[in-house]
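Step one of this worksheet: look at the structure below.
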Amino acid sequence: MKLLLPALLLALGAHAVKREDFKECAQTSFCRRLRPLSSKSEVADFTSPYSLGSPSPAVSPHIGTPAKDAAWTFPLTSTLYPDVGFELRVDVLDGDIAQVRVDEVGSASPWRRYNETAKWALLSPEPAHVRASITTKKGVSSIKYGTGLELRINHSPLRIAMLRGGTEEIVFNDRGLFHMEHFRTKEIAIEEEEVVKAEDGEEVKTEEGAEVTTEEPVEVKSEPEEQKPFEATIDRSWFETEDGDLFEEHWKRWRDSKPKGPEAFSLDLTFPRAKHVFGLPEHASPLSLPDTIGEGSYYSEPYRLWNVDIFEYVADSPMALYGAVPLLHAHSAQGTVGVLNLVASETWVDVAHTKGVQTHWISESGIMDLLLLPGPNPTALFEQYATLTGPAQMPPQFATAYHQCRWNYNTQGEVIEVQDRFEEADMPLDVTWLDIEYADEHRYFDWNKKMFPDPVAMLDQVAKLGRKMVAIVDPHIKRTDSFRVYKDSLDLDILIKKADNNNFDGWCWPGSSVWVDFFNPKSWEWWTRMFSFETWADQTKALFVWNDMNEPSVFDGPEITMPKDNIHAGGWEHRDVHNINGMLFHNQTQHAISVREPTKKRPFVLSRAYFAGSHRYGAIWTGDNLGTWEHLAGESAMFLSNSIAGMSFVGADIGGFFGNPGTEMLVRWYQAGAFMPFMRAHAHIDTKRREPYLYDEPIRSHLRDALRLRYTLLPTWYNAFHDAATKGYPVIWPQYAKFPADESGAAVDDQYYVGDSGLLFKPVVVEGATTTEVYLAANEPYYDYFSARMWPARAKPRNITLDTPLDKFPLLIEGGHIFPSRERVRRASSLMGQDPVTLTVALGKNGAHGQLYLDDGETFAWERGEFVHRELAYADGRLRSTQKVPHDAHNAFARSIAAVGVERVRVLGLNKAPSSVTVAGREVQFEWEKGAPKAKEPRAGILTIKNPGVKVVDDWEIVIA
Ligand code: NOJ
């Protein structure tokens, strides 16, 4: 019998996370040591022991190459350890992003801090720099860059502020919580500890900041205030807490050998003007992150970033989940700034809304590598984040449609039956998924031939219907000589090692398993080969991949993951790279899929674990959620928090992974699912079957309606995915990102906008809810997508209440937008490419705008200009379609859809019936449904233009007179 741990627990009736399986801050030595710094810093005479020497143009090769007039280094010392050398380096990067790095330098220790997080997370290991200037006077260096941006660096005590127009927006070490534990031997550590005890309270003086100016000084206009000589009493015990676990740590039955000793670091970032901080996924918490510290704080534990396989997670908690993106947006109506803290080791973040918002970050290892994103608004932040980490991958078209999964479809016959039943029920479906049971003894790649005797025939049969399949390939490899993947990885010596340098083995679905080290470049080509048609013959190009359990999940490991003292390529410890680990697996798999055919194809790989940059490789989902109202309600905030951190190809298991949702809840899950960027139903092996075709009326129709609505709006989703892939915008936008100046809507996280379409969606997440409130921003009218009910523009935002019986949910259109749809829903999205398009024009105060982006949906030809991209604009009675970006309008793709027309234009919000509608002087038919703009429940006038006789690829104008 295989080890089915979750199944077993479920059978035993466990229905909540086993909190005791996961650490709290106080149970991990470095967090226990450094979290209390923030309360110690509240004593009156507390000050930072760190100070900087004079800057020089950057030359230190260990953290990158020099960049003329854009990078400087400063020697950094702590009065606590005057003999230990640190270096602070500032780089000014493209996008006016300031990078601030700190590393220990000149140490006699054989150890180094992990400095490669940027290499994996950023698009380029050598980001482009922009020119800046530095002046240093009286212990303050001022670096000026961009438009009105300045880094004001106080040398002693160390404090760095990013200012815009003279106002501080981000302050590093405002509270003096920066501390970098230096490498030491066990013996020295004991001596030092004794010194801490003996010297407690002794006066220590630092040197005054010297006056330095580098080569090309630029006069600082507003001179900083005169710096007082820094004389302070530093209490060592503020920074160095006695802790027996510096060189070895025990937790439950696990021992962490910690050969490098302590190397944690702490830092504080204050956002003086912010009212909210958003981001830091992945947590099941509100989007506007509540306090974790201070009296009456919402949570008592910091937000934790440590990718874990968490079973039945709590719907509202700062506990770690499967992914980690150390990105924060700090926001108020005055402006938005961001910080990316590039660290891949275990990290805890405290948040307190005091003096703006204060944050305290504590990480176990690595260099400090902070990227300060200047904003000044969320849209600019998305662009800056994309400058650093790249835009998202453009998914193949099918991936944006509906996916049907379950643990498991157990036989080939079952897979075909699913196809037939969707067909009979007239429900669209694009992708059918196979969970771990397809694989013989959970040896991925090897089909269980008893259950799937002819996988290629099955895949072909599915492909004939225009559909695809996905099979799971997890990172654990069954440790058995008969398994070629295991044999190969042994022969190539590419496995993750234990602290003693022997291959690590642990327990997962196949039993005893090993894990390939994707940090080892030797593994890359080999992994690509695993997916080639020669090596894996039992597949076709209709098969795509799901990378699960890649935190990695190790059933018998500490916190269900890998021991921290495991070793990766380059000698790095697992502790240093843990949060990146899953991303590298995801990256290699998607690469393998993209190159398996002679013409490169867009891959689709779903990953559970992720890090900053994972959006370049595919989709993620929110893991093992529960089929409860509480979980359904929590998903929107999780999607939004992921979305602003790049991971906007995100979804949740529709229906909830665990449990058997009743029909009402299932309908609500499907309605929510239709507006998840990644729309997949999935269920645990022990749940009852719940495919949408299994239900009787009226539930069946409600489920079908949700599916069809998704397919109808696929062109709008595709627009949004294209913006994500080219501009770095999220596929779904939270309220604060759309309306940054609206303070009252900033924390709204239970509704969201789809791309730039103006579509505003809110899932109904309350049992029995017959009405639902929606928050509407000011200044534009809103229209009900289904009924054309109208809410005229208002000067102030407001809440409206909508009737939401089971077949209804809020879907509104903000005036001022045009969006495309395809109203003839077919069996699969691949069959809709030649279908005509409908355009909905929702008039705003100044007409309306929109776009229509189309391409072949599967290759990379779009990157070479093979696409159709229309700019749609309505003003003064004229609806125009023009080319959005200059490119060859007669490219091969455009030619392939030359016949595709616009079959309908729906204009909402005209106040009187038109007398004629013409295209190039030719009258076209229209219908007019009078509105009632002044009624108690105002309705918009609806103009429907039928078959205007225009093609999607052409320039045209429709005149409404
Ligand atoms: C854990 C995943 O989160 C879940 O979706 C999957 O069904 C199981 N692993 C089995 O593969």
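The values are calculated or read from the model by the stated rules, or taken from the named source; none is laboratory data. Everything numeric in this text was worked out from a predicted model, so none of it was measured. Positions of Cβ are generated from backbone atoms using ideal geometry, with glycine treated the same way; all protein chains shown enter the neighbour counts. Accessible surface areas use protein heavy atoms only, side chains included; no ligands, DNA or RNA. Shrake-Rupley method; radii C 1.70, N 1.55, O 1.52, S 1.80 Å.
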For residue 389, state whether it is β-branched (Val, Ile, Thr), more than 16 Å from the ligand (Cβ to nearest atom) and surrounded by fewer than 19 Cβ atoms within 10 Å (Cβ to Cβ).
no
Does any residue of the range 97-118 turn out to be hydroxyl-bearing (Ser, Thr, Tyr), closer than 27 Å to residue 35 by Cβ and modelled with pLDDT of 95 or more?
yes
Is it the case that the range 470-489 has a residue that's aromatic (Phe, Trp, Tyr), within 16 Å of the ligand (Cβ to nearest atom) and part of a helix (DSSP H, G or I)?
no
Among the residues of the range 490-504, what is the count of those that are touching a residue at least 60 places away in the same chain (Cβ under 8 Å) and surrounded by 12 or more Cβ atoms within 10 Å (Cβ to Cβ)?
5
In the set 546, 526, which member is open to solvent by less than 30 Å² (accessible area, probe 1.4 Å), of a type outside the set (A, V, I, L, M) and in a strand (DSSP E or B)?
546
Pick from the range 689-713 the residues that are open to solvent by less than 10 Å² (accessible area, probe 1.4 Å) and either in contact (Cβ under 8 Å) with a residue 60 or more places away in the chain or farther than 24 Å from residue 408 by Cα (or both): which of them is farthest from the chain's Cα centre (by Cα)?
693
Please state which one of 500, 454, 474, 493 is among the acidic types (Asp, Glu), assigned by TED's automatic domain parsing to the domain that holds residue 423 and touching a His at 6+ places or on another chain (Cβ under 9 Å).
474
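Residues being open to solvent by 10 Å² or more (accessible area, probe 1.4 Å), more than 22 Å from residue 405 (Cα to Cα) and assigned to a helix (DSSP H, G or I): count how many of those fall in the range 588-602. Don't jump to the end; show me each part of the working.
Step one: filter the range 588-602 for residues open to solvent by 10 Å² or more (accessible area, probe 1.4 Å), giving 588, 590-591, 595-601.
Add one more test, that the residue is more than 22 Å from residue 405 (Cα to Cα), and what stays is 588, 591, 595-601.
Of the ones still in play, those that are also assigned to a helix (DSSP H, G or I) are 588, 591.
Matching residues across the range 588-602 total 2.
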Kindly indicate whether residue 605 is out of contact with any Asp or Glu (no Cβ under 6 Å at 6 or more places or on another chain) and either within 16 Å of the ligand (Cβ to nearest atom) or open to solvent by 10 Å² or more (accessible area, probe 1.4 Å) (or both).
yes
Applying the selection to the range 496-519, what residues are in contact with a helix residue (DSSP H, G or I) (Cβ under 7 Å, 6 or more places away or on another chain) and within 16 Å of the ligand (Cβ to nearest atom)?
509, 510
In the range 309-338, residues that are buried (at least 24 other Cβ atoms within 10 Å of the Cβ) and either β-branched (Val, Ile, Thr) or over 20 Å from residue 635 (Cα atoms) (or both) total 7
Scope the range 394-413; condition within 16 Å of the ligand (Cβ to nearest atom) and open to solvent by 30 Å² or more (accessible area, probe 1.4 Å); matching residues
410
Selection count, the range 552-581, where residues are closer than 16 Å to residue 477 by Cβ, within 16 Å of the ligand (Cβ to nearest atom), open to solvent by less than 10 Å² (accessible area, probe 1.4 Å) and in contact with a helix residue (DSSP H, G or I) (Cβ under 8 Å, 6 or more places away or on another chain):
3
If you check residue 585 against the conditions, is it surrounded by fewer than 20 Cβ atoms within 10 Å (Cβ to Cβ) and within 16 Å of the ligand (Cβ to nearest atom)?
no
Residue 649 - would you say it is open to solvent by 10 Å² or more (accessible area, probe 1.4 Å) and more than 14 Å from the ligand (Cβ to nearest atom)?
yes
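Do the conditions hold for residue 90, that is, is it under 26 Å from residue 336 (Cβ atoms) and touching a Phe, Trp or Tyr at 6+ places or on another chain (Cβ under 7 Å)? Don't jump to the end; show me each part of the working.
Details: under 26 Å from residue 336 (Cβ atoms): yes; touching a Phe, Trp or Tyr at 6+ places or on another chain (Cβ under 7 Å): yes.
Judged against the criteria, residue 90 is a match.
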Does at least one position in the range 870-890 carry a residue that is open to solvent by less than 40 Å² (accessible area, probe 1.4 Å) and over 24 Å from residue 720 (Cα atoms)?
yes
Could you check the range 689-698 and list, in sequence order, the residues that are within 16 Å of the ligand (Cβ to nearest atom) and either in a strand (DSSP E or B) or out of contact with any helix residue (DSSP H, G or I) (no Cβ under 9 Å at 6 or more places or on another chain) (or both)?
689
Checking residue 450 against (1) outside any helix (DSSP H, G or I); (2) away from the ligand (no atom under 16 Å from the Cβ); (3) touching a helix residue (DSSP H, G or I) at 6+ places or on another chain (Cβ under 8 Å), only one condition comes out false. Which one?
(3)
Here the residues within the range 768-806 that are touching a helix residue (DSSP H, G or I) at 6+ places or on another chain (Cβ under 9 Å), closer than 20 Å to residue 633 by Cβ and in contact (Cβ under 8 Å) with a residue 40 or more places away in the chain are 768, 775, 806
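Can you pull out every residue in the range 645-682 that is under 20 Å from the mean Cα position of the chain (by Cα) and assigned to a helix (DSSP H, G or I)? Let's see the steps before the verdict.
So the first thing to find is which residues in the range 645-682 are under 20 Å from the mean Cα position of the chain (by Cα), and the list is 645-654, 672-680.
Within the range 645-682, 672, 673 meet the criteria.
Is it the case, given these coordinates, that residue 541 is more than 27 Å from residue 117 (Cα to Cα), within 16 Å of the ligand (Cβ to nearest atom) and touching a Lys or Arg at 6+ places or on another chain (Cβ under 9 Å)? Steps first, answer last, please.
Working: more than 27 Å from residue 117 (Cα to Cα): yes; within 16 Å of the ligand (Cβ to nearest atom): no; touching a Lys or Arg at 6+ places or on another chain (Cβ under 9 Å): yes.
So residue 541 fails the test.
Residues are listed down the side, and each one gets a yes or a no for (1) surrounded by 14 or more Cβ atoms within 10 Å (Cβ to Cβ); (2) at pLDDT 85 or above:
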| position | (1), (2) |
| --- | --- |
| 220 | yes, no |
| 229 | no, no |
| 241 | yes, no |
| 267 | yes, yes |
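Go through 343, 308 for me and flag whichever is within 16 Å of the ligand (Cβ to nearest atom), touching a helix residue (DSSP H, G or I) at 6+ places or on another chain (Cβ under 7 Å) and modelled with pLDDT of 95 or more. Write out each step before concluding.
On the way: 343 fails: within 16 Å of the ligand (Cβ to nearest atom).
From the options 343, 308, the qualifying one is 308.
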Residues that are surrounded by fewer than 24 Cβ atoms within 10 Å (Cβ to Cβ) and away from the ligand (no atom under 13 Å from the Cβ), drawn from the range 614-626
616
